[in-house]
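The values are calculated or read from the model by the stated rules, or taken from the named source; none is laboratory data. Not measured: the values here are computed from a predicted model. Here the Cβ positions follow ideal geometry from the backbone for every residue, glycine too, while neighbour counts run over all protein chains shown. Just so you know, the surface numbers come from the protein's heavy atoms only, side chains and all, with ligands and any DNA or RNA stripped out. Shrake-Rupley method; radii C 1.70, N 1.55, O 1.52, S 1.80 Å.
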Amino acid sequence: MCIRDRVSTQSTWGLQKQLIKKKVKSKGKMASTQKKSRADNPMREIKIVKLVCNIGVGEGGDKITKAAKVLKDLTGQEPVMNKSRFTIRSFGIKRNEKIACHVTVRGEKAEQILDKGLKVKEYELRKKNFSNTGNFGFGIQEHIDLGIKYDPYTGIFGMDFYVVLGRAGRRVANRKHASGRLGNFQKVTREEAQQWFIQKFEGLLLNLSLIHISEPTRLLSISYAVFCLKKKK
């Protein structure tokens, strides 16, 4: 190879390097602008699709009607009864017997009731409360903590809250006519749901440990750990 050919190859290689650097810089700028546009995009805003409040009684009769009254007082809506699918003799449950009730709430009312429920939990949730699909749930032990007046006839019931989060465009996958697939980019992930909870309600995420377990469970786990250590010795 002559000197002239070497010079020409070196110059072409230098030009190629410059072009590659320009492309990398332009891609970096495009990525930063895309991130800014994603943050400002109203279609990316996470909203509460629905809130489901559930009370599981485990038996029919008078107790299930009292639980339904509690849900009606809380939401102002008529509860839906849930029936058992199997007969379990040890629990005294028959098939198709009403054993639970639930209410589905949407809109501003759902946000208000969710705020009441999180206030009872002191705006603290475990990381385990969040699912991979971006939804989360928790429970409370006494419904009177939500601000409902105590009624001796009704008694006290525990309650489960389950929140479904989503972005705009969710209806495309659920509608019957001209339905389509919702892209993964528009779905809510576990990390996004946790971040939404922290920003929206100024909440705290806790890891599962003995500090956050109830007192009886904590004592049992400590005594079992001591028993295992003594057995090893």
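Against the condition closer than 30 Å to ILE144 by Cα, of a type outside the set (A, V, I, L, M) and at pLDDT 65 or above, how does GLU108 come out, does it pass? In short, yes.
When you look at LYS119, is it among the charged types (D, E, K, R), part of a helix (DSSP H, G or I) and touching a residue at least 24 places away in the same chain (Cβ under 8 Å), yes or no? Criteria not met by LYS119. All conditions in (1) within 25 Å of the chain's Cα centre (by Cα); (2) in a helix (DSSP H, G or I) hold for LYS63, with the sole exception of (1). Looking at the stretch 126-233, the helices (runs of 4 or more DSSP H) lying wholly inside it that each contain 2 or more residues that are modelled with pLDDT of 90 or more and surrounded by 16 or more Cβ atoms within 10 Å (Cβ to Cβ) sit at 190-201. Of the residues making up the stretch 63-87, those that are open to solvent by 80 Å² or more (accessible area, probe 1.4 Å), free of Cβ contacts under 8 Å to residues at least 40 places away in the same chain and closer than 17 Å to TYR153 by Cα are LYS63, LYS72. Return a yes/no flag: does the stretch 93-113 have any residue that is in contact (Cβ under 8 Å) with a residue 60 or more places away in the chain, exposed (fewer than 13 other Cβ atoms within 10 Å of the Cβ) and farther than 24 Å from GLU59 by Cα. Among the residues of the stretch 93-113, not one is in contact (Cβ under 8 Å) with a residue 60 or more places away in the chain, exposed (fewer than 13 other Cβ atoms within 10 Å of the Cβ) and farther than 24 Å from GLU59 by Cα, which makes the answer no. Taking the criterion of being open to solvent by less than 100 Å² (accessible area, probe 1.4 Å), at pLDDT below 90 and part of a helix (DSSP H, G or I), would at least one residue in the stretch 44-60 satisfy it? Yes, the stretch 44-60 has at least one match.
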